[in-house]
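The values are calculated or read from the model by the stated rules, or taken from the named source; none is laboratory data. As the structure is a prediction and not an experimental result, all values here were calculated from the model. We place every Cβ from the backbone using ideal geometry, glycine too, and count neighbours over all the protein chains shown.
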């Protein structure tokens, strides 16, 4: 603390009175940065040679990477629009280091100090080299120099402390997310940074013009010049690339880009890697936040999102972006690199988007994972009994459950749901779960009662097929297109203006993924609908505790966090799960996985259900029929289990208890 | 080995059925059509045989314009060529009439093997394949689960009743009707659909329908719709009622 | 002869039930169209008897020892040409499906297959068949002249009492048949080795769910399955708990089954389960919750305590089997 206050006071300009400080430190702190003088021609020559060598080495190693990025396929859907959002992300995520800090506060703030320190040092370093060529522009004893060098000194200290802390974390605490391999390069780079800072700070304690100051100067210089060529082949490449990656990342969360042309089937081989993917692969800083929050990784599956990105990077390094060799490891058994980028891993992803949300350098994992799936499914390379069954069911029956569509008709008739005829305000989209699953049907019936209670008119489509969500996420563009086109036409024919759905997957797919084939009417999730009418919904006199589970496709995908909570709050006391909102943990059903076979390792649904039940809440509140069905199964095996209700059911229950004239 | 697969396009299994005004057939206006399921298995078997032994798979389908979608799908799954027998009057032909039409179209191809599903999901007569073999004068076997090419011809696994099976050997050329479920079907892929665009679909004009040997006089909805019959009583009474059902309705006792 | 000729099917000298049902249909048809109802049976050595028909034509040839479509078509063609019956009836067995369509073709006829009922039409009898998996019925009528070939669906005509009665006079018919006429070579029938359970081919399945409460109750369910000659299966929670092996799980993450009978005990019928068993021909459900979705797909339902009903049912089944 003492040291900090010393340097801080220096920064405040108090260093103008050297004597004061000497009292505090007992050192010969001059208060101004000591600068070596009298660089000889030989020294200058040496410096220039070193700078050229360092810079040359840097570009020699960096050029192939740039080449790989530039030679990758163009992203056909890329636009700089919306620029405002990009500038904001750059400001918030890069300059403010918001993601870095928010996800891991302590190491995050340490990283931020290093980053801000580097920024502060840009001017210092520039002057440092200029000085060596007798071109120094910032006089240490001028008022500007005095201030700025002091200011940089504060940062130097923060950087030194932070980098030491990060060093201890990486080499002694060793969180598993950083990987099991010890990176000596990282250690060396940390040492170089530490050296840079110490040599800078030390220059405040030595006399101007002495031998000591010169050796400090040279140590500082050499450390910096050694650091530079190390950047391209280590995770420190993110220093150069990630600001760009964050700025350029594809617009929209987990957005799956459209295929381009007749030869594009997704990520099949190197030739399909786009520039954004290349850029992102090279930007990975290997922090492992993605893996730390990945439901598949946590439950002992093969998938490790960080290793997928690194697998992509090794592929690019080994084969380049024009290669015809398959990307997925299973299809290139003769190669030894990038084995982590496997089909098995790709199909374990629930597309929950946690990785993408967490990533501090702008990597978009989900489009890459789905891209790999597309490559496998669109070409028929993915042979999975359950997957095939699902696709055939979608082709033949038009629903993911493989039931006869007359089952939906029966349910509609039996429940007395009106058919949409153009006179009603809303089209109530049933979805596969709402139309075929017994529990999903209960949710629909209850939500219909809520709409009746509010006096909102609605109807259901006479014929409705799956939105194609599971096919989309499993990489079957053919089935997805068929489903999307059917749905768009059905809505258009029925002249639907507004849609409301109980399933976040339907909402996402209709509002976002269908855009490739046409514009669907405006759609909202029933939580949004109910929240808009919350003043007219009954407040229950209940102190029942309800833990709300954020569905991935409602939260991270749609940014809807408050609305369902408002509904839950009407029904009882809202309890938060340890992982909630943006950090919510998946139920395991997304990405089409609800329809695939048994998972390896622990079941994702069980882990989450245990977490929810562990809050001690009396009720688990859900807002997605898939989450609901996953938890129903998982909770059924518990001794004492909370009740499981959708937010529509929580509300409908109130309607029954409070009573109303509307029904 | 040249394999010809005869497929039929039928109304989707879960289609809502309405009897047409004339009472002779169902209202086709609102129907969606798909490949007859056992024919899908026949196609799958053909594709697998080709993958194992090489050769060509030609898929043939008779019917109006709409059946070309089924042919395209078959091409997308891996068939090499398609033949569309243009016939808008399938309803005017009985099994023999349909088989004659197929025989005409197939003769010029002289395939080594003809595969088709064991029956159709709509009419369910289960005869077209056998009659076609008879008309072409080639041996046949029905309800086939597995097909193997041998030095002399074919060795097939035929399903008998009650979990029994039998192997049958036969020479080429031959016709087999394929049972559902013997193989795993593949799903159509985007790549397949795109490749199918470049494959050839030949058209063949059927000769006029002749006199029928049997005719479908009328269709109507069966009186008894499936509904759950609840059995009540004491446990012993319920058990007795259940046994009664097991004997006479379910027929497993 | 006009009248009706019923082609019987035997295995090792024993008539199957469906043949007797065909005889029942033959009698019914003979009553409508006039004439006698006779029967024919193909074998290598004769010596078979049947009662209750006007005459039994025993078609005997050593090449008929094993069934072949070529052999059966050839000899039946000769027999039908000789007898000139108005109607030739078959049980709609897998064997008949293999040769009867070809036989009809030789007469320029079309087999009216899988008939479930007959009634009188304006011109001769009308045969009822089911279309579109039973969603629709259709009336068929022969329009050509010559013998009319018909096969009848299992269980459509009551066989009780058929085949007994006075033994029919046997008329031996020795057809002409040469080995080269038979183009295919049949092997011995066999059953798949039952090493692992393959629920997908099991004709009867007793499936248990969470309603059975605890592992100890598996034994009670096994007894019922044994009595019915059924395979024991389960919904996912049972297998998850390890009460039954995973291979016995029916549902979206287990096996897909289509037995003649699916007896669901204590299974509520979650969608993941239903998709695995919706192909069952008949479903009986026993569950204490009358709103359980399993009743939506059941043909017969029992709402009650399975621990009371199952033992009674086991007893009754054993008694019925004698």
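Some points to look at:
- Residue match in segment A:520-535 (condition: in contact with a strand residue (DSSP E or B) (Cβ under 6 Å, 6 or more places away or on another chain) and part of a loop (DSSP other than H, G, I, E, B)): yes
- In segment B:157-175 there is at least one residue that is more than 8 Å from chain C (Cβ to nearest Cβ) and under 23 Å from residue B:213 (Cβ atoms).
- Residue check for residue C:309: outside any loop (DSSP other than H, G, I, E, B), touching a strand residue (DSSP E or B) at 6+ places or on another chain (Cβ under 9 Å) and either within 10 Å of another protein chain (Cβ to nearest Cβ) or surrounded by fewer than 18 Cβ atoms within 10 Å (Cβ to Cβ) (or both): yes
- Subset tally (residues that are out of contact with any helix residue (DSSP H, G or I) (no Cβ under 7 Å at 6 or more places or on another chain) and touching a residue at least 12 places away in the same chain (Cβ under 8 Å)) for segment C:125-136: 5
- Flag if residue A:592 is surrounded by 16 or more Cβ atoms within 10 Å (Cβ to Cβ), closer than 29 Å to residue A:426 by Cα and in contact with a helix residue (DSSP H, G or I) (Cβ under 9 Å, 6 or more places away or on another chain): yes
- Any hit, segment A:503-519, residues being assigned to a strand (DSSP E or B) and in contact with a helix residue (DSSP H, G or I) (Cβ under 8 Å, 6 or more places away or on another chain): no
- With respect to the conditions (1) more than 24 Å from residue A:254 (Cβ to Cβ); (2) surrounded by fewer than 17 Cβ atoms within 10 Å (Cβ to Cβ); (3) touching a residue at least 24 places away in the same chain (Cβ under 8 Å); (4) within 27 Å of the chain's Cα centre (by Cα), residue A:574 lacks only one, and its number is (2).
- The set of residues in segment A:75-89 that are surrounded by 11 or more Cβ atoms within 10 Å (Cβ to Cβ) and closer than 29 Å to residue A:320 by Cβ comprises A:75, A:76, A:77, A:78, A:86.
- One residue stands out among those in segment A:389-421 that are closer than 18 Å to residue C:276 by Cβ and free of Cβ contacts under 8 Å to residues at least 12 places away in the same chain: the one that is farthest from the chain's Cα centre (by Cα), which is A:404.
- Scanning segment C:54-99 for residues that are more than 14 Å from chain B (Cβ to nearest Cβ), assigned to a helix (DSSP H, G or I) and either crowded, with 24+ Cβ neighbours inside 10 Å or in contact with a strand residue (DSSP E or B) (Cβ under 7 Å, 6 or more places away or on another chain) (or both) returns C:64, C:75, C:79, C:80, C:83.
- Matching residues, segment A:90-100, being part of a helix (DSSP H, G or I) and surrounded by fewer than 16 Cβ atoms within 10 Å (Cβ to Cβ): A:91, A:92, A:95
- Among the residues making up segment C:107-129, those that are more than 7 Å from chain B (Cβ to nearest Cβ) and not in a loop (DSSP other than H, G, I, E, B) are C:115, C:116, C:117, C:118, C:119, C:120, C:125, C:127, C:128, C:129.
- None of A:612, A:554 is in contact with a strand residue (DSSP E or B) (Cβ under 8 Å, 6 or more places away or on another chain) and assigned to a loop (DSSP other than H, G, I, E, B) except A:554.
- Residue B:72 being within 14 Å of chain C (Cβ to nearest Cβ) and either surrounded by fewer than 24 Cβ atoms within 10 Å (Cβ to Cβ) or within 22 Å of residue C:101 (Cα to Cα) (or both): no
- Filtered residues of segment A:252-275 (kept if away from chain B (no Cβ under 14 Å), surrounded by 21 or more Cβ atoms within 10 Å (Cβ to Cβ) and at positive phi): A:254
- Criterion violated by residue C:157 - all others in (1) within 11 Å of another protein chain (Cβ to nearest Cβ); (2) part of a loop (DSSP other than H, G, I, E, B); (3) touching a residue at least 60 places away in the same chain (Cβ under 8 Å) satisfied: (1)
- Screening the candidates A:603, A:579 for the property of being under 24 Å from the mean Cα position of the chain (by Cα), surrounded by fewer than 20 Cβ atoms within 10 Å (Cβ to Cβ) and within 14 Å of chain C (Cβ to nearest Cβ) yields one hit, A:603.
- Set side by side, the residues C:209, C:266, C:254 differ, and just one is within 14 Å of chain A (Cβ to nearest Cβ), more than 23 Å from the chain's Cα centre (by Cα) and touching a residue at least 60 places away in the same chain (Cβ under 8 Å), which is C:209.
- Residue within segment B:222-237 that is at negative phi and in contact (Cβ under 8 Å) with a residue 60 or more places away in the chain present: no
- Some residue of segment C:233-249 being within 11 Å of chain B (Cβ to nearest Cβ), within 27 Å of the chain's Cα centre (by Cα) and either surrounded by fewer than 22 Cβ atoms within 10 Å (Cβ to Cβ) or in a helix (DSSP H, G or I) (or both): no
- Subset of segment B:194-223 that is part of a loop (DSSP other than H, G, I, E, B) and within 10 Å of chain C (Cβ to nearest Cβ) - its residue that is modelled with the lowest pLDDT: B:223
- Comparison of C:290, C:296 shows that the only residue that is more than 25 Å from the chain's Cα centre (by Cα), farther than 19 Å from residue B:236 by Cα and in a loop (DSSP other than H, G, I, E, B) is C:290.
- Qualifying residue in segment A:586-609 (condition: part of a strand (DSSP E or B), farther than 22 Å from residue A:292 by Cα and touching a residue at least 40 places away in the same chain (Cβ under 8 Å)): no
- Qualifying residue in segment A:620-630 (condition: buried (at least 18 other Cβ atoms within 10 Å of the Cβ), in a loop (DSSP other than H, G, I, E, B) and at pLDDT 95 or above): yes
- There is no residue in segment B:176-189 that is over 21 Å from the mean Cα position of the chain (by Cα), more than 22 Å from residue B:128 (Cα to Cα) and surrounded by fewer than 19 Cβ atoms within 10 Å (Cβ to Cβ).
- Positions within segment B:136-152 being surrounded by fewer than 20 Cβ atoms within 10 Å (Cβ to Cβ) and either within 7 Å of chain C (Cβ to nearest Cβ) or part of a strand (DSSP E or B) (or both), in sequence order: B:145, B:146, B:148, B:149
- From the list C:285, C:320, the one residue that fits, being at the interface with chain B (Cβ under 7 Å from one of its Cβ atoms), at pLDDT 85 or above and not in a loop (DSSP other than H, G, I, E, B), is C:320.
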